[in-house]
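The values are calculated or read from the model by the stated rules, or taken from the named source; none is laboratory data. As the structure is a computational prediction, the values presented were derived from the model and not from experiment. Ideal geometry is used to build each Cβ from the backbone, glycine not excepted, and the neighbour counts take in all protein chains shown. Ligands, DNA and RNA are stripped out before the accessible areas are found, and what is left, the full protein with its side chains, is counted by its heavy atoms. Shrake-Rupley method; radii C 1.70, N 1.55, O 1.52, S 1.80 Å.
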Amino acid sequence: MHRFANPARFMRLSAAIMPWCAALAAVLLGLGLYLALFVAPPDYQQGEDVRIMFIHVPAAWMASFVYALMALASAVAIIWRHPLADIAAQSAAPLGAGFTLLCLVTGSLWGERMWGTWWVWDARLTSVLVLFFLYLGYIALVNAFDEPGRGARAGAILALVGVVNLPIIKFSVDWWNTLHQPASVFRLGGPTIAPSMLWPLLVMALGFMLFFAALLMVRMRTALIAAKVRALRLAEVERHAAAVLTPRQAALP
Amino acid sequence: MTAFRRLILRDLRLAFRQGGDAAMVVGFFVLTVILFPFGVGPEPELLARIAAGIVWVTALLAALLSLERLFQADWEDGSLEALALMPLPLEAQVLAKCLAHWLVTGLPLSLVAPLLALLLHLEPAGYPVLVLSLLLGTPSLSLIGAVGAALSLGARRGGVLLSLLVLPLYIPVLIFGVAAIEARIGGFAARPHLLLLGALLAGALPLAPLAAAAALRQALD
């Protein structure tokens, strides 16, 4: 892992991988949407409304996954002080917040059709809402300091503190009586969802994952380039200041 | 242990000499609770129904209000750096500061709460559970809040940021605190909810000082 913590190596590797990742994400998302909207059968209870699931469930998985990744990157940043890990965590946060918002909005639309209400204060929904606020708090904290390094270090600690929410999200449907259904894909004894719906779902999930990976690489590359630009500007300002203050110039008439 | 005790006494003395943080927090608590009968109407049935929630939410906000000062003053005048050089681990110092914070905010809030519940027509069965749940829950608020206070040291708009960081983490405490009172009023056992509150406290007691001390260290770097 330490081999890949080198920013220059990351720039070379990501330049090679990113286009393929983005192209594959586009293909998989296109295929997944086609399968989800036209091939997968309507549900015997929910009818056509079940198709919201193909966006909602991958978005929910990504919401938790991105937070776990962010926390892992933060742990790496704290333990080994890899600058790339800080950048990874910061670049992942807005993406994770986006997935969480997508999950909440699609869930709300689905809930209106199935439960007859846009929102219920049940454990799963509340814990995902808390996850959304954790993302927002992280983003606000990282940007709240004049010195960027300070924000990164504070954010890393907050990201690790927020990890307590992940098991609560996962097990909220088992621990409490909720309106939200329990897990039907990742469970002991195999998925209870029909294969004709499971396959489009998995294609969508893989598409979401690659889409995230591609965006993460774009964001990390942008952050690295922005840091470089900032360093160059600072150097230029310092050179300029040094030139202004040289005795030769001061002696000019 | 003497250093631990002295740190608590120092914080308490500072709190009392600087014009009564405790009085201010309790004043905020009382005034905010009094706003509710004007906001939702004075019908006793309605107020009794939402009394537990009002008291808990307001206590939580009052505790939050005083958190900003937890490390801020020490950080600004540099005594935090001197404290960090003490042989007493920073984690223990955070614990001492949380304890002092709880003694001047959480404890008075818990003791005033029954009086406010009276104004809101809380069912009589709810009073002991109200005090008990606040006594069990408010230390968790101080501990979790210490993490947020340490993280937002020196940030722009620190106060707003602090509430954004801490409020989501306060939700579990609020849920079980209110649930215990509602359960007792509804004729069920309050014990499971109180045990969960205790579990939250037992979890926050070792973990929050660890995180807060880490945050303080990076603020002092």
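Take the alpha carbon gyration tensor of the protein assembly as shown, find the square roots of its eigenvalues, order them as a ≥ b ≥ c, and report rounded if a/c is under 1.5; if not, report prolate when a/b exceeds b/c, else oblate.
Taking the square roots of the gyration eigenvalues as a ≥ b ≥ c, the protein assembly as shown is oblate.
With a 10 Å radius around each residue's Cβ, average the other Cβ atoms per peptide and rank B:85-96, B:52-63, highest first.
The most tightly packed comes first, giving B:52-63, B:85-96.
For the range B:2-220, report the convex hull volume of the alpha-carbon atoms normalised per residue, in Å³, without decimals.
Values: hull volume 24.7 nm³, N = 219.
Convex hull volume per residue, Cα atoms: 113 Å³.
Per residue of A:139-148, what is the mean number of Cβ atoms on other protein chains within 10 angstrom of that residue's Cβ? Can you show the working numbers first?
On the way: counts 1, 7, 8, 0, 3, 11, 6, 3, 1, 0.
That works out to 4 on average.
Can you tell me the 0 to 90 degree angle between the C-alpha axis of helix A:53-80 and the longest principal axis of chain A, rounded to 10?
Orientation of helix A:53-80: about 40 degrees from the principal axis.
Picking from A:ASP122, A:ASP146, A:ASP49, which is most flexible by a Gaussian network model of chain A using Cα springs under 10 Å?
It is A:ASP146.
Please work out the FRET efficiency for the pair B:LEU118 and B:PHE16, using the Cβ-Cβ distance as r and a Förster radius of 25 Å; give the result to the nearest 0.05.
0.35
Taking the Cα atoms only, what angle lies between the long axis of helix B:44-67 and the longest principal axis of chain B, rounded to 10 degrees?
0
At a threshold of 8 angstrom on Cα-Cα distance, excluding pairs fewer than six apart, so keeping six or more, what relative contact order does chain A reach in percent?
Contact order relative to length: 30 percent.
With the Cα gyration tensor of the range A:1-102 giving a ≥ b ≥ c as the square roots of its eigenvalues, does the rule (a/c under 1.5 for rounded; else a/b larger than b/c for prolate; else oblate) give rounded, prolate or oblate?
oblate
How large are Rg and Dmax for chain A when only the alpha carbon atoms are used, in Å?
In Å, with Rg to one decimal and Dmax whole: 22.9, 91.
Before rounding to the nearest 500, sum -39500 (n - 2.57) across all DSSP H runs of length at least 4 in the protein assembly as shown and divide by the residue total; then give [θ] at 222 nm in deg cm²/dmol.
One gets -27500 deg cm²/dmol as the mean residue ellipticity at 222 nm.
In debye to the nearest 20, how big a dipole does the protein assembly as shown give about its Cα centre with +1 on each Lys and Arg Cβ and -1 on each Asp and Glu Cβ?
Approximately 1380 debye in magnitude.
Which of the peptides B:36-45, A:136-145 is most tightly packed, and how do the rest follow, judged by the mean count of other Cβ atoms within 10 Å per residue?
Working: B:36-45: 11.6, A:136-145: 21.5.
My ranking of the peptides, most packed first, is A:136-145, B:36-45.
Before anything else, pin down the relative contact order of the range A:74-138: Cα pairs under 8 Å, at least 6 apart, normalised by residue count, whole percent.
Values: 32 pairs, mean separation 19.6, N = 65.
Reported relative contact order: 30 percent.
Could you tell me the center-to-center distance, by alpha carbons, between the range A:146-220 and the range A:8-24 in angstrom?
Between the Cα centre of the range A:146-220 and that of the range A:8-24, the gap is 24 Å.
To test your reading of the geometry: what angle, between 0 and 90 degrees and rounded to tens, separates the Cα axis of helix A:195-244 from the longest principal axis of chain A?
10
Taking trypsin sites (Lys or Arg not before Pro) that fall in a DSSP loop and have at most 12 other Cβ atoms within 10 Å as cut points, what is the longest piece of chain A between them?
Details: sites that count: A:ARG81, A:ARG187.
It works out to A:82-186.
Over chain B, calculate the relative contact order: mean separation of alpha carbon pairs under 8 Å at least 6 apart, over the residue count, as a percent.
Taking the mean separation of contacting Cα pairs over the length of chain B, I get 26 percent.
When the chain is fully extended, how far beyond the present Cα-Cα distance does B:ASP77 get from B:ILE34, taking 0.36 nm per residue of separation?
11.8 nm
For the range B:86-163, report the % of Cα-Cα distances exceeding 21 Å. Walk me through the intermediate numbers first.
Working: 1318 of 3003 pairs.
In whole percent, the share of Cα-Cα pairs in the range B:86-163 beyond 21 Å is 44.
In chain B, carbon and sulfur make up what percent of the accessible area (probe 1.4 Å)?
Reported share for carbon and sulfur atoms: 72 percent.
For the range B:117-221, which chymotrypsin sites (Phe, Trp or Tyr not before Pro) pass both filters: DSSP loop (anything but H, G, I, E, B) and at most 16 other C-beta atoms within 10 Å?
Sparse-neighbourhood loop chymotrypsin sites (Phe, Trp or Tyr not before Pro): B:PHE188.
How many angstrom lie between the C-alpha centres of the range B:146-197 and the range A:76-123?
21
Across the residues of B:161-172, average count of Cβ atoms on other protein chains within 10 Å?
Neighbouring Cβ atoms belonging to other protein chains average 6 per residue here.
Is there a simple number for the mean count of other chain Cβ atoms within 10 Å of the Cβ of residues in B:212-221, and what is it?
3
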